[in-house]
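The numbers here are math on the coordinates, done by the rules we state, and not lab data. Note that the coordinates shown come from a computational prediction; the quantities given were computed from them, not determined experimentally. Here the Cβ positions follow ideal geometry from the backbone for every residue, glycine too, while neighbour counts run over all protein chains shown.
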Amino acid sequence: MAETRATYFCIDIECSGPVPALYDMISLGAVAVAPDDDGKLHLGATHYVELRPEAPRVDPGAMKVNGLDIEQLRAHGVPRRQALEALTAWTKAHTKPGTKPVFVGHNAPFDWSFVSWAYAAEDLPNPYGYKALDTKALATGKLNLHWFDSSKEVLAERLNLPAEDLVQKHRADYDAQYQAELLIKLLEY
């Protein structure tokens, strides 16, 4: 395996609709993936937060997928700025010395856009910068797959991972954990 200069942060979000600003990121799960002293990657610390919605729209279809209660989130969700400050502190605390934090997602453009937009909206620096590593794109290259065959179901089969737990699927913390396992398998492939 090549020298690891990154601590990977597998991040999954659930949202109230398809795009930032008009809709909200309403939950975020993250799992640190860092190398040990021998360079082998391991799952590390986890982070989860449910956020207070602020955007003007809510897509009932998106809410059905994530199973979260928008009114419960309005009453008890963490304010966006506070959630982002906590994510930044957690990221800094779990970035292995000598490495840089890298945002990783399965369809990273989607998740990264919500996270990055939220940091910009709060005028806070994004600890992951302006780039993200997409496991779907990584899989198409590593496994010689067509883009349309880069689903988690296909990757689980190709990488000998257990199927996703359908009861927990679309919970940001569970999805981040599963994506971290995919990342490790892809980087070791």
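How about region 145-188: which of its residues are basic (Lys, Arg) and closer than 19 Å to residue 30 by Cα?
152, 169, 171, 185
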Residue among 52, 57, 74 that alone is at negative phi, of a type in the set (Lys, Arg) and in contact (Cβ under 8 Å) with a residue 40 or more places away in the chain: 57
Which residues, counting only those in region 71-113, are farther than 24 Å from residue 150 by Cβ, assigned to a helix (DSSP H, G or I) and among the polar types (S, T, N, Q)? 72, 82, 88, 91
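Quick one: which residue in 104, 78, 115 is in contact with a Cys (Cβ under 9 Å, 6 or more places away or on another chain) and of a type in the set (Val, Ile, Thr)?
Unique residue meeting the criteria: 104.
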Quick check: is even one residue across region 40-53 surrounded by fewer than 17 Cβ atoms within 10 Å (Cβ to Cβ), of a type in the set (Gly, Ala, Ser) and more than 25 Å from residue 186 (Cβ to Cβ)? no
Which of (1) in contact (Cβ under 8 Å) with a residue 40 or more places away in the chain; (2) among the hydroxyl-bearing types (Ser, Thr, Tyr); (3) farther than 24 Å from residue 169 by Cβ does residue 88 not meet, given it meets every other one? (1)
Which is crowded, with 16+ Cβ neighbours inside 10 Å and within 30 Å of residue 184 (Cα to Cα), of 65, 19, 33? 33
State whether one or more residues within region 103-118 are without any contact (Cβ under 8 Å) to a residue 60 or more places away in the chain and farther than 22 Å from residue 175 by Cα. no
If I filter region 74-86 for residues that are within 14 Å of the chain's Cα centre (by Cα) and surrounded by 14 or more Cβ atoms within 10 Å (Cβ to Cβ), do I get at least one hit? yes
Looking only at strands (runs of 3 or more DSSP E) that fall completely inside region 1-68, which ones have 3 or more residues that are within 12 Å of residue 114 (Cβ to Cβ) and touching a strand residue (DSSP E or B) at 6+ places or on another chain (Cβ under 9 Å)? 6-15, 25-35
Sort out which residues of region 163-185 are over 17 Å from residue 47 (Cα atoms) and surrounded by 15 or more Cβ atoms within 10 Å (Cβ to Cβ), and write them in order of number. 164, 182, 183, 184, 185
Note on region 166-186: residues touching a residue at least 12 places away in the same chain (Cβ under 8 Å), in contact with a Phe, Trp or Tyr (Cβ under 7 Å, 6 or more places away or on another chain) and under 26 Å from residue 63 (Cα atoms) are 172, 173
